[in-house]
1. Given the options A:153, A:142, A:248, state which has the largest fluctuation in a GNM of chain A using a 10 Å cut-off (strictly under) for Cα springs.
2. Where does segment A:75-215 land on Rg(C-alpha)/(2.2 N^0.38 Å)?
3. Identify which of A:333, A:64, A:351 has the largest mean-square fluctuation in a Gaussian network model of chain A, with springs joining Cα atoms closer than 10 Å.
4. How well do other chains shield peptide B:343-356, expressed as the mean number of their Cβ atoms within 10 Å of each residue Cβ?
5. Semi-axes of the equivalent ellipsoid of segment B:290-363: what are they in whole Å, largest first, if each equals the square root of 5 times a C-alpha gyration tensor eigenvalue?
6. Sort A:122-129, A:274-281 by packing, meaning the average of other beta carbons within 10 Å per residue, with the highest value first.
7. Distances longer than 21 Å among the Cα atoms of segment B:66-180: what percent of all pairs is that?
8. What is the magnitude of the charge dipole of segment A:125-357 about its Cα centre, with +1 placed on the Cβ of each Lys and Arg, -1 on the Cβ of each Asp and Glu, and no other charges, expressed in debye to the nearest 20?
Amino acid sequence: MTTTLTPPEPRVATPVSNSLTAGKLPNGAPWMILAASLLVSAGLFGVIALSGAEFNWVGTLVVAALIYVVVITVLSRIVEGSRRSTDRFVTSLVTGAFLLAMIPLVSLTITVVTFGLARFDPEFFTYSMRSVTGEGGGALHAIVGTLLMTGTAALISIPIGLMTSIYLVEYGRGRLARGITFLVDVMTGIPSIVAGLFAYALFAIFWGPGTRTGIAGAVALAVLMIPVVVRSSEEMLRLVPNELREAAYALGVPKWLTIVKVVLPTSIAGITTGIMLSIARVIGETAPLLIAAGFTNSMNYDMTEGRMQSLPVFVYTQYANQGTPASAYLDRAWAAALTLILIVMALNLIARLVARFFAPKFGR
Amino acid sequence: MNLKRFGAPAVIAMTAALALSSCAANEGGATENGDAGSESTLSGNLVGAGSSAMDAAQQAWIAEFQNANPDVTIDYDPSGSGAGRDTFLEGASGYAGSDRAFNDEEIAAGGFAACAPDSTIIQLPLYISPIAVIFNLDGIDSLNLDPATIAGIFAGQITNWNDPAIAATNEGVELPDLAITPVHRSDDSGTTENFTDYLAQAAPEVWTYEADGVWPFEGGEAAQGTSGVVDAVTNGTGTIGYADASRAGDLGTAAVQVGDEFLEYSPEAAAAIVDVSPFVEGRPDGDLSLELDRTPDEAAYPIVLVAYSIACQQYEDSATAELVKAYFSYIASAEGQDVAAENAGSAPISDTLREQAVAAIDSIQ
Amino acid sequence: MSTAPAPIRAKQRPGDRVFSRSAVFAGSMILVTLAAVATFLIVQSVPALFATGETASILDTNFWAYVGPLVFGTIWAAALALLLALPVSIGIALFISHYAPRRLASVLGYIVDLLAAVPSVVFGLWGIGVLAPAVQPLYTWLVDNLGWFPLFSGPVSGTGRTILTAAVVLAVMIIPIITAISREVFLQTPVLHEEAALALGATRWEMIRTAVLPFGRPGIISAAVLGLGRALGETMAVAMVLSATGAVTFQLLTSVNPSTIAANIALSFPEAYGINVNVLIATGLILFIVTFAVNALARWIVARRSEFSGAN
């Protein structure tokens, strides 16, 4: 911009030192380069395939991706300068990371859905496994058990976890806050199987040895869930700008109302994500439930009496203790896994709607 | 008030659970009208725990037994033999299933909480499962292997499928030039204990380790549980492993050398090994613990897992005694053994063993 | 006395009192729970610490020789998993928060959240049935061509169920956790900071580097720690996928792999009896301590960076 008053020369496409006036790749360039890289790579592997080897899809995609990254970086550096070149390089890395991660995730989803659909029929949702051998049977008892135990665990741990994180962010000063932070850290380190052993031992004190109940399972899950709720909500509450709190105080709003009306709504999307994560974390736990809530083939709605089946335990036992025909057991295992994922999906959807409903409207 | 909003997903989950609360379609009916055609007067709950190897058979027995006695609920917890024995010891279960019987020290220590103070315990080998040596080689369904070769493969001394030791007993089979990947159980298991016991008894010069539920050295591939071993062998190349014979499926299986002949596993051959093995000495009546003989003279398949059904001879609680007695009688019956053979691939016990078992069960009170 | 000017005290409202007390109460509940768990662990562990090969059949010599290789395996597998997962997760989080079109982004975020819910047993099944057979040829190629590199030395596993496969499965399990939290944190970056950077002529990457990443760093570390916590304590998936033989080795592609504490508990617990149970619970205590040490380290790093936090 600091040009002299000499009459402007006609623009030429030579690199200029001023990055703002540097050239720019045409809008469609990345797509064209991507297509070209794919063609070149496919050609390369096609030639190799001619010599008798099988056409290597994975190799083609990997080499194409490499060619694309190199070409777009170099080309952008020549035309647009080093800063834009770095930007393009990072863009392709970020997109690449995303696509790379999608491979296992998509593969997993496809596996669960294809295997799970085999037994995803009405019988699966209306039958328990009582007196069922071989084919047939269902997982109603496990679905009910999972919902009851996870629901109870959530009722225990969400209030405790959320209030603790509020305490840590809004009230906590000094030794108690530091101590609780420290203890929450310790708590994230509780191995799930130890939480199960703990809950089992705890309820054995009250109700005698060998007691396995739904409530014991729920307590084991709550022990695992609380630290996740605390840490994720704490992180989100800390991100609420202090200006918002100060503005509320300046208007004379009491602290607790500030928290309820300003701080929580601002961070509710993040908190909900954290809570959903914590539910997701525990709803698939197998080891603690196997120990604390046990295993049964029959229906049980009573949290305080008798063993309770859950979906992950159902999946595990169906896989680990296959009878004949083995395929019937595996099909039930996959169908239960699919059911579990669908339940979480539904919970997630509800939570997102809740979050959207209560969150203040932002620019984004 | 805002807190209620956070609980919303949980509340909805609970509502959904309640909505689902109609009874399972296969439950309830029989229990309520009780006219399922049986004159059974038995009722109550019985909990068993123990061996996961026995689980498929237990589930089949329980299903049939519950059909015949609709007011009875039996839960078998396949938590593992060790856990099963501990659970039984502390009185939290009515009976135990275990891959090994209680040994002399444990019986002497006593303290079986569910049993009457002076009661002995009853240990019955009612589940006999042949263990197959399974492998995954293209186009080969069966191989003849002698004990020393099996031990050499699993000890990592024989490392290629075209090894002369394998070729010597398999004339006419085209063995590939392929590395052997032996697969063993990574968990502590009765299957491993029985398999290593076989190797130690049948090939002591090659297999220098003692029988143990944990694989005794670092080496080879490890996989969790029977399902894990079968999966690893199926998905790998040049793999060999050991698993319950009922799970061998399409995999190749080894015919094991006994005396001078090679023997594929079969229910009869597996039941035979139990009949030729002596009982452990010095045990009270009703304790049918076996000292398995892995090098028999007769045509008996030596790699078997025997799981014991364990109960008290005299219970504190007579209702439990009645249930256990009825349930064990069913297990030991020819019908019960056939159900297990059909659903779990076990070998039905012989009539001589049944007589002794029934006598023991009848003494339960 | 009465002449001294009293400091102006904020009016104490009952609502405030109730609210702050219940917050303190919730915090104390954590204290109580933890004390109970810790008491349980320590009481159960004490007999194991003095056990020998004679008293506990699971031990060869003493407890420390038994737990050593397990600690190594736990940290090694979790570190590999984090190494694989962290860059990818940050990439996904950035992609969702700053690169993808808005409409697509919310769908993607939703999908990633869902994957956090896939039970570990299913990851195990997938690892055995799909991943291990798929990567086995790649492992063979690596050993054949890059076998001179110590990490890749042979002999290659015939089934692909190596520590690297286990680490990939763990990485896939923790990617959703790290991504979800990092994404939320990135989205919380003050829009003014971002716009200021862009107005100064920054490219998108420069904006991210100068505004988003410094703001999100404590959040990323928290997310990584949560992920690492899950990787360290993961039981079923590792037990099912890993060919664990208990060796101490850095080789990534052989059948001989270290086991992890959690997987070892799951594998040995069902058959454990007597003092062996205490030994296994004591290894749980060690896992507890290891995880705590990792967390403390992360806390310390975050604390040093706390000036970037929105609330202070």
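1. Answer for the Gaussian network model of chain A: A:248.
2. On the way: Rg = 25.2 Å, N = 141, 2.2 N^0.38 = 14.4 Å.
Normalised Cα radius of gyration, segment A:75-215: 1.75.
3. Maximum fluctuation in the GNM of chain A, among the listed residues, is at A:64.
4. Values: counts 5, 5, 2, 0, 0, 0, 0, 0, 0, 0, 0, 0, 0, 0.
The per-residue average across the peptide is 1.
5. Numbers: eigenvalues 139, 44, 24 Å².
Semi-axes (√(5λ), whole Å): 26, 15, 11.
6. Details: A:122-129: 18.5, A:274-281: 26.2.
So the peptides A:122-129, A:274-281, ranked by packing, come out A:274-281, A:122-129.
7. Details: 3899 of 6555 pairs.
When all Cα pairs of segment B:66-180 are counted, 59 percent exceed 21 Å.
8. Numbers: 15 positive and 11 negative charges, 82 e Å.
Once rounded to the nearest 20, the dipole reads 400 debye.
Bear in mind that the values in this text are calculations on the coordinates, not laboratory data. The model shown is predicted, which means the values in this text are computed figures rather than measured ones. As a convention, Cβ positions derive from the backbone with ideal geometry for all residues, glycine included, and neighbour counts pool all protein chains shown.
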